[in-house]
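Values quoted throughout were computed directly from the atomic coordinates according to the rules given, and no laboratory measurement underlies them. Given the structure is predicted, the values throughout are model-derived calculations rather than measurements. Positions of Cβ are backbone-derived with ideal geometry, glycine not excepted, and every protein chain shown enters the neighbour counts.
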Amino acid sequence: KLSKMGAVAALIYPDPADYKTLSWDAELYGHVHLGSGDPYTPGFPSFNHTQFPPAKSSGLPGILAQTITANMAKSIFEKMGGEDAPARFKGDFPTYKVGSESDKVTVAVNNNLADTKIHNVFGVIKGYVDPDRYVVIGAQRDSMTLGYAKSAVGTSLLLELARVFTELKKDGFRPKRSVVFASWTAGDFGNVGVTEWLEGYWSSLDRKAFTYISLDGVVTGADSFRASASPLLHTLLQKTLGKVKTPKSNSSLLQNYGRDFSSLLTPMQMDDGAYPLLALSGIPSVSFSFISPSYEQFLDTNMDEKEHLDRITKQKVVELSVLAAQVAGQMALRLIHDHILKLDVTKYSDVIDRHVSDIIKRVDWLNAAKNSYGRAAASLNVDISNTDLNDMEMCRIINNRIMKVEHNFLSPYVSLRDVPFRHIFFGNGWQTSTDLEKYLGDVQENKTSLNIDEVLNKFALLTWTIQGCANDLAGDIWSLDNEI
């Protein structure tokens, strides 16, 4: 948008109004790619030196972008002329100007683009019944800064969980399904390591990996608990938080941090290490963290070091890390051990209801698809209750139906290269229900004109994506709902 308005560069700074706990001389690190993975091979895996036609992600800005400190920004504002900036642009500096034609700022960015070989590292404990089905537990191991909270704590927990699961297997534990421990590289450059892995094994991962548990940034504070997860994992996460006990009070994490489970949930953001697995590959994913909201902004700065985290957690980093490992470990154990996958398909009924509630008043197609999914989810639960859980073949058939749900919410009507995050509820692009809701809202408020063909096309594609998921969840073709 800035380039379309004539801007040739962007200076990004942390305004003290938004970053109250940061020093005015704190330097920010990060990237400005609105996406994930190698931005020069969008939609393709960039390994083994595979050559593709020259391409660039649409999420890369068309102008220079450079971070500066708050003090640098303050100095620039003080020297700028022109009118005062609008109130919504103002923060804690005494002066905010929009600039004048006589103002001159030179921006020189001397970064060198270079091809760098990166390596993800994996460890596997194979299952005994369905070794081709696996839970992935992963953590980013790199950081542009010291990265103590962002990557070191999570990587330490990943190694410890791998050790514990190995000891369990030595002691006779026989998991039905496999568990993969993944150490991702190049996370600070836009989840490059995990995204390239997903793109490289795109055609098979949705039939094999059925859950991802992220350990990135699991301890960044101590006052609150926050989680982002696929609705399929909400029930399992809630039950796990109700079982994991804090060492001193002997109360559960759910009791300690919020009896109302929904208050702990927050939408998954694009910079979350679990986001590509959910929105790009359709793998049910969860990330969680102990946080102190007033101190969150130290990530991606040089304040992300051990002494700082010890101070804001009141020396509880080890205690909280143990609790985080228990949450991840207990969830993984249920997922690889129980006969039926602990993915609650009924939870998507609530999500679909919420997203289509403002739309179905205008078109009944979407309402019918929503009802089809609700009936299919209820039918699955009936089938589970009527199934002999010792019948491995029947359990596998039911698990096949469960595993496909998240993946079937990836829109098949958009290009992976142009719109990588294809999930209709948690993705990013024109195929999402959020995009349709926003468009209809803009029409209603006279912010844009109605293009009836565009609206009907979006309705149809969104409807059939939901209906297709419902059909697959229903099972055999004679069980399908033929109302649409």
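Rounded to the nearest Hz, the phi-derived 3J(HN,Hα) couplings of the range 161-172 under the Karplus curve 6.51 cos²θ - 1.76 cosθ + 1.60 (θ = phi - 60°) are 5, 4, 5, 5, 5, 5, 5, 4, 5, 4, 7, x, where x marks glycine and proline. A Förster radius of 41 Å, combined with the Cβ-Cβ distance separating K306 from T95, puts the computed FRET efficiency at roughly 0.65.
Label positions at H337 and K248, each projected 7 Å from the Cα along the C-beta direction, are separated by 3.0 nm.
Across the range 1-112, C-alpha contacts under 8 Å between residues 6 or more apart give a mean separation that, scaled by the residue count, equals a relative contact order of 31 percent. Estimated purely from DSSP H runs of n ≥ 4, each contributing -39500 (n - 2.57), the mean residue ellipticity at 222 nm for the chain is -11000 deg cm²/dmol once divided by its residues.
Our coupling estimate for the range 305-311, obtained by passing each phi through the Karplus curve with A = 6.51, B = -1.76, C = 1.60 and θ = phi - 60°, is 9, 4, 4, 5, 5, 4, 5 Hz, Gly and Pro reported as x. Of the residues V194, V105, the one with the fewest other Cβ atoms within 10 Å heads the list, and the complete ranking is V105, V194. Quick check on the range 347-479: take the gyration tensor over C-alpha atoms, sort the square-rooted eigenvalues as a ≥ b ≥ c, and tell me if it's rounded (a/c under 1.5), prolate or oblate. In terms of gyration-tensor shape, prolate. Database remark: amide H of S285 closer than 5 angstrom to the amide H of Y212, S230 (H placed geometrically; neighbours at sequence offset of 5 or more, or on other chains; Pro and chain starts carry no H). For the range 387-484, GluC sites (Glu not before Pro) meeting the loop criterion (DSSP other than H, G, I, E, B) and having at most 15 other Cβ atoms within 10 Å: E445, E483. Specify whether the C-alpha gyration tensor of the range 105-161 places it in the rounded, prolate or oblate class, a ≥ b ≥ c being the square roots of the eigenvalues: rounded for a/c under 1.5, otherwise prolate if a/b is larger than b/c and oblate if not. In terms of gyration-tensor shape, prolate. Applying a DSSP loop filter and a limit of 15 other Cβ atoms within 10 Å to the trypsin sites (Lys or Arg not before Pro) in the range 370-458 leaves R417, K447.
Of V32, V382, V286, V121, the sequence from fewest to most neighbouring Cβ atoms within 10 angstrom is V382, V121, V32, V286. The H on the amide N of R133, modeled in the peptide plane, is under 5 Å from the matching H of S178, each at least 5 residues off or on a different chain. Quick one: Cα centre-to-centre distance for the range 246-285 and the range 86-118, in angstrom? What the calculation gives is 35 Å, centre to centre.
Extension gain, V32 to D271: 0.36 nm times the residue separation minus the Cα-Cα distance gives 85.0 nm. Annotation: aspartates and glutamates with alpha-carbon distance below 12 angstrom to K79 (same-chain offsets under eight excluded): D103. Amide H to amide H, with H built 1.01 Å from N, A274 comes under 5 Å of no residue 5 or more places away or on another chain. The relative contact order of the chain comes to 15 percent, based on Cα pairs under 8 Å that sit 6 or more residues apart. Here the gap between L159 and R417, fully extended at 0.36 nm per residue and compared with their Cα-Cα distance, gives a gain of 89.5 nm.
A straight chain from V455 to S58 at 0.36 nm per residue would run longer than the Cα-Cα distance by 140.5 nm.
Rounded if a/c is under 1.5, else prolate if a/b beats b/c, else oblate: with a ≥ b ≥ c from the C-alpha gyration tensor eigenvalues square-rooted, which is the chain? Each step should come with its number before you reach the end.
On the way: a/c = 1.74, a/b = 1.26, b/c = 1.38.
In terms of gyration-tensor shape, oblate.
If each residue's Cβ is checked for other Cβ atoms within 10 Å, how do L462, L253, L440 rank with the fewest at the top?
Details: L462 26, L253 22, L440 19.
Placing the least packed residue first, the sequence is L440, L253, L462.
Karplus-derived 3J(HN,Hα) values for the range 32-37, using 6.51 cos²θ - 1.76 cosθ + 1.60 with θ = phi - 60°, are 10, 7, 7, x, 9, x Hz; glycine and proline are entered as x. The loop-placed GluC sites (Glu not before Pro) in the range 23-128, going by DSSP, that have at most 10 neighbouring Cβ atoms within 10 Å of their Cβ come out as E83, E101.
Over 18 Å between C-alpha atoms is what I'm after, so list which of K150/K316; K347/K404; K117/K306; K150/K208 land there.
Values: K150/K316 16 Å; K347/K404 15 Å; K117/K306 29 Å; K150/K208 28 Å.
Table pairs above 18 Å Cα-Cα are K117/K306; K150/K208.
Applying 1/(1 + (r/R0)^6) with R0 = 22 Å to the Cβ-Cβ distance of V109 and W24 gives a FRET efficiency near 0.50.
If you plug the beta carbon distance of D442 and L11 into 1/(1 + (r/R0)^6) with R0 = 41 Å, you get a FRET efficiency near 0.85.
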